[in-house]
1. Kindly indicate the residue of region 367-382 that is small (Gly, Ala, Ser) and within 25 Å of Asp307 (Cα to Cα) and also modelled with the highest pLDDT among those meeting that condition.
2. So which of Ile364, Ile348 ends up being farther than 25 Å from Ala260 by Cβ and at pLDDT 95 or above?
3. Out of the residues in region 279-295 meeting the condition of being within 25 Å of Ala160 (Cβ to Cβ) and among the polar types (S, T, N, Q), tell me which one is most open to solvent (accessible area, probe 1.4 Å).
4. Can you tell me which residue within region 380-393, out of those that are part of a strand (DSSP E or B) and over 12 Å from Phe258 (Cβ atoms), is most open to solvent (accessible area, probe 1.4 Å)?
5. Which condition does Asp259 not pass, out of (1) over 27 Å from Leu133 (Cβ atoms); (2) crowded, with 24+ Cβ neighbours inside 10 Å; (3) acidic (Asp, Glu), if it passes all the others?
6. I need every pair where a residue in region 355-378 that is more than 17 Å from Pro129 (Cβ to Cβ) has its Cβ under 7 Å from the Cβ of a residue that is among the hydroxyl-bearing types (Ser, Thr, Tyr) and in a helix (DSSP H, G or I), sequence separation at least 6 or different chains.
7. List pairs: first residue in region 187-215 and touching a residue at least 40 places away in the same chain (Cβ under 8 Å), second residue open to solvent by 70 Å² or more (accessible area, probe 1.4 Å) and assigned to a strand (DSSP E or B) anywhere in the structure, Cβ distance under 9 angstrom, at least six positions apart or on different chains.
8. From the list Ala336, Ala310, Ala322, Ala330, pick out the single residue that is open to solvent by less than 20 Å² (accessible area, probe 1.4 Å) and more than 18 Å from Ala260 (Cα to Cα).
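The values are calculated or read from the model by the stated rules, or taken from the named source; none is laboratory data. Quantities reported herein were computed from a predicted structural model and do not represent experimental measurements. As a convention, Cβ positions derive from the backbone with ideal geometry for all residues, glycine included, and neighbour counts pool all protein chains shown. Remember, those area values only see protein heavy atoms, side chains included, never the ligands or the DNA or RNA. Shrake-Rupley method; radii C 1.70, N 1.55, O 1.52, S 1.80 Å.
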Amino acid sequence: MSPIRSATIAALASAVVATTLTGCQFGGAEQDTSPIVIAADLELSGAAAPVGRTYQRALELKVEQLNSSGALNGRKIELKVKDNRSDAAESLRNIADFSSDSRVSAIVMGGCNECAVGAVGIINEKQIPTIALAASGAVANPVAQRRYVFKLGPNAVDSAAALTTELRRKNIRKVGLLYTDDDYGREGVFALRRELAKANIKAAGEESVKTTDTEVSQQVGKLTQLKPDALVVWTPPEQAALTATSAQEANFRGALFFDAGAAGDLFLGAAAKATERATMVFTQTMVIDDVIATTPAKAARRQWFQDYTARFGGYNGSSSFAADAIQLIADAELRAGGPIGQVDRNGIRDVLETSQMDGLSGPIRMTPDNHSGLMPQALTTLVARNGRWRLAG
């Protein structure tokens with residue numbers, strides 16, 4: 001067994017088992033061996049299927065790892081997955097079905113902002129802890145109206161601040177903004193405007209695209225005609241790649257900057273030439289093979305990267321959020337306790353609300369006032385070089 005794998009398993013076991021020893025070790029009390037049932041509502045077909053399938057792969061791999069690790073004190077995770085077809089109404093039906101199953105401890109929702117926000121009412125009514133992987137801040141805010149909803153993934157304000165820091169460092173004075181016309185895109189532009197103003201960077205123009213658009217050349221053309229020093233792209237991965245290609249075709253000579261929502265596959269494929277030297281803010285795990293594993297947390301991230309890559313032939317940046325969601329729920333189930341064989345959803349919610357973990361995505365800190373737990377320190381600067389993302393520097 002490699003030192004990294006040994007360190008990873010040891011760290012996992014100590015983190016999970018520390019507060020979950022059962023009474024069977026102290027007098028022969030009955031041990032809970034009931035399954036930990038986690039449900040997942042994912043976009044496995046429809047427009048958002050690529051990221052939904054990424055989440056499914058990550059969830060299944062993480063469940064497999066935890067079940068074989070011995071860290072669950074004799075219990076196993078059972079994963080129940082339903083396809084919401086990238087449709088908020090179908091997602092709502094899935095959530096209703098999951099929440100009516102008394103065996104389900106918690107739900108993981110995929111990247112659909114509309115789905116997560118639209119399900120808040122039934123999640124609260126059924127009092128079922130839910131971790132959403134969607135990007136919009138409205139998923140977890142206001143917290144008083146989202147008591148059972150938590151969010152994992154980069155926050156718009158953190159991405160905007162990190163991007164602006166990098167723009168200022170590279171002496172960019174004038175930018176064009178391309179963003180998706182949805183909650184996360186509008187939230188991002190609002191945050192960017194504020195950060196750019198503080199840095200005295202001019203926003204020369206703004207253009208929006210629909211989340212379903214497969215052609216962005218018109219919007220890119222309008223922005224490049226303004227001759228900005230850089231384009232800031234606040235879109236999903238597919239549209240970010242389209243933007244880079246359209247900018248290249250328009251002979252744009254400025255720089256490209258992508259927000260964290262643009263992170264997808266490690267290797268850039270057909271967009272490699274167009275994205276060369278582009279900058280993106282994202283979590284370090286995306287490029288952890290560039291990082292020396294000097295801590296148990298970094299060793300765990302490196303092992304996850306290697307395991308995912310070995311299993312699926314490549315790496316996708318969003319996978320770590322899904323894996324961390326499983327870890328958080330498993331930890332909360334074990335710490336919440338409750339009668340043997342029964343699910344204590346309120347106890348799980350209470351534990352999730354105060355969870356702290358150096359996760360695969362980075363440091364995660366949930367509080368009663370903040371249900372979006374990925375810390376700003378999780379974000380770093382990446383650069384596209386020779387067809388893949390690398391750690392900048």
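1. The extreme case among them is Ala378.
2. Ile348
3. Gln284
4. Filtering region 380-393 for residues that are part of a strand (DSSP E or B) and over 12 Å from Phe258 (Cβ atoms), the one most open to solvent (accessible area, probe 1.4 Å) comes out as Arg385.
5. (1)
6. Cβ pairs passing all conditions: Leu360/Thr285; Leu360/Ser320; Ser361/Thr285; Ser361/Ser320.
7. none
8. Ala330
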